[in-house]
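One structure is given here, and the rest of the page talks about it.
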Amino acid sequence: ICRVFGVSLTWLLEYMISVYEEVPEDLGIDIENLLDDDLQVAVIQTDGAWSFVGSKDNKCWIWVAYEKTSQQVVAFHIGDRSRKSAQAFYDKIPDTLKEKCQLVFTNDHKSYDGVIPIAKHHGGKKFNQNIERLFCTMRHRVSRLVRGTYLPPYLFTNLLKAPPHS
């Protein structure tokens, strides 16, 4: 991207952060149309990807929730792989969607235990093909996601300190 548009990586990352700060908390998902009465089953697929930030000692995860019917990312969270991060991630999924949702598919990581209601939670990768494809496409199109260290620590810190969206 930098080479094609003739910009530096630092400028591009700072631009990405400024765009991120303007993203609405609900990521622009159209809840009203998504929760139409014609919708029989709302299904959320969750997955995470990790990368080193700054050094190989700092492993960070991005958690993503994907609604299968609308094919929209409905929530994301940047953190570690703990239950605390799992709870913060699940809390970011819109409440109306959580109420309507009947199935939440995860990779069955232990951090989801006690966070997602047992009746809705289904572990394993068998039903996560859509979100797995999303991550595969991101890795393919954004080559920096496959490298060891790609985000300067000061930019990552600024990203985490970004004010919450209203």
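None of the figures in this text is laboratory data; all of them are computed from the coordinates on show. Everything numeric here is computed off the predicted structure, so don't read it as measured data.
Counting only residues 5 or more places away or on other chains, whose amide H sits under 5 Å from the amide H of Val43 once H atoms are built in the peptide plane?
The list, which skips near neighbours in sequence, is Lys68, Thr69.
Any chance you could run the full-extension gain for Lys110 through Lys125? It's 0.36 nm times the residue separation minus the Cα-Cα distance, nm to one decimal.
Numbers: separation 15, 0.36 × 15 = 5.40 nm, distance 1.42 nm.
My answer for the length gained is 4.0 nm.
Starting from the amide H of Gly54, placed 1.01 Å from N in the peptide plane, find each other amide H under 5 Å away whose residue is 5 or more places distant or on another chain.
Those qualifying (amide H under 5 Å, at least 5 residues apart or on another chain) are Tyr150, Leu151.
In nm, what is the difference between 0.36 nm times the number of residues separating Thr137 and Lys59 and their Cα-Cα distance? Let's see the in-between values first.
Working: separation 78, 0.36 × 78 = 28.08 nm, distance 2.13 nm.
That pair, Thr137 and Lys59, stretches by 25.9 nm at full extension.
Assuming 0.36 nm per residue, please report the length gained on full extension of the stretch Asp95 to Thr69 beyond their Cα-Cα distance. The partial results should precede the final answer.
On the way: separation 26, 0.36 × 26 = 9.36 nm, distance 1.72 nm.
Result: 7.6 nm gained on full extension.
From zero up to wherever the largest Cα-Cα distance of the stretch 95-144 sits, split into 10 Å bins and tell me the percent of pairs in each.
23, 41, 29, 8
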